[in-house]
Each structure stands twice: as C-alpha cells, then as structure tokens.
Amino acid sequence: MERTLRISGKASGIYWMRHFRKTVNKQLGEILVERGVLSKAKLEEVLAFQKEKNVLFGEALVTMKLGTEEDVVQALTCQYGFPYLPLANYEIAPEVVATVPLELCKQYCLVPIDKIGRSLTLAMANPLNVQALEEVEKATSCSVQAFVSTATEITSAVNRYYETR
C-alpha cells in the first residue's frame, strides 16, 4: 500500500505534514465509470454540477441521485486504500465517545470508534480532510487513524451515541 500518513505536530522543532498517496492513480469519477456506476456522459454531468455548486464530487453524485454514498466510499477505498467500516452494527464504547467533542463530530462528519492509549481511530465521510484530522488531534492529544464510512452511517452513530450520553 502506497498511502503515507505522517502525523502532524511538532517533533524536535520539525513540523510533519500529512500526506495521502493514491493507491490507484485515477480520479473518483474514472473509478465509478470503470465499476459501471456511471457512464462517461453522466460523469460529465456530475463534474459540471460539482463545479457549478462548488461541492465535493461524491456529494454531487449523491445529490444528483446518480450513485450512492456506498459507491463513493468504495471508490475512495479503491483510490486511497482507506479501509471501509460499516457502522450499522458496530458498538462504540462510551469512553471512546467521550474523547471527541460532539461539535467536531458534527462539523466534520466523523465519529470516534476506538482508542488504544494515545491512538484514536475515527470513521469519517471524508478521510482526506486534513483540517478535521488536525483539529481532532489537537482536541484529544491523540494521534489519529481514519477509516471511511458513509455520511449517513456517521450521522446515525453520532445521534445514537452522543444523544444517549
């Protein structure tokens, strides 16, 4: 796997940056065309809509009802090698939920799913959002690893775990 993840933060006066490398050198739309989710003509429609509305490609695809959140997640998994974690039957411990403030979860569409020592695992709709990862690291004093899940699954998990605390 060619994805490189360097935790941001100050170490011996050097600032490390987060890097993501594609494991497949193709755009999300190309992957979806290859998988038969989109035709080339529909891909062009999604790209035009994305540009017009200034939204992420996956958001445009789902809004136009030309693909599902699962299609986007699977393409991201293929493109970057992020592991996909379906959250529907996943149990999250209360102490893990307490690690990340609700505001960050809602703002960045993420949910903490596990914590071992100072290592925190998140499920995120957009695991490429470096700002979200850095803010969670800052708020929790943990290094963060990201899995990808759908926005619907994450919103449901946030509602389930944060509303019952």
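The values are calculated or read from the model by the stated rules, or taken from the named source; none is laboratory data. All of these numbers come straight from a predicted model, not from anything done at the bench. Neighbour counts are summed over all protein chains in view; Cβ atoms, including those assigned to glycine, are modelled from backbone coordinates with ideal geometry.
Computed quantities for the displayed model
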{"quantity": "Unmet requirement for residue 137, which otherwise passes all of (1) touching a residue at least 60 places away in the same chain (Cβ under 8 Å); (2) surrounded by 16 or more Cβ atoms within 10 Å (Cβ to Cβ); (3) closer than 30 Å to residue 35 by Cβ", "calculated": "(3)"}
{"quantity": "Residues (free of Cβ contacts under 8 Å to residues at least 12 places away in the same chain and surrounded by fewer than 18 Cβ atoms within 10 Å (Cβ to Cβ)) located in the stretch 49-58", "calculated": "51, 52, 53, 54, 55"}
{"quantity": "Residue among 74, 107 that alone is assigned by TED's automatic domain parsing to the domain that holds residue 32 and closer than 25 Å to residue 28 by Cα", "calculated": "74"}
{"quantity": "Criterion: out of contact with any Asp or Glu (no Cβ under 7 Å at 6 or more places or on another chain), among the small types (Gly, Ala, Ser) and surrounded by 20 or more Cβ atoms within 10 Å (Cβ to Cβ) - qualifying residue of 98, 75", "calculated": "75"}
{"quantity": "Residue check for residue 142: under 22 Å from residue 73 (Cβ atoms), outside the structural domain of residue 70 (by TED's automatic domain parsing), in contact with a strand residue (DSSP E or B) (Cβ under 8 Å, 6 or more places away or on another chain) and surrounded by 18 or more Cβ atoms within 10 Å (Cβ to Cβ)", "calculated": "no"}
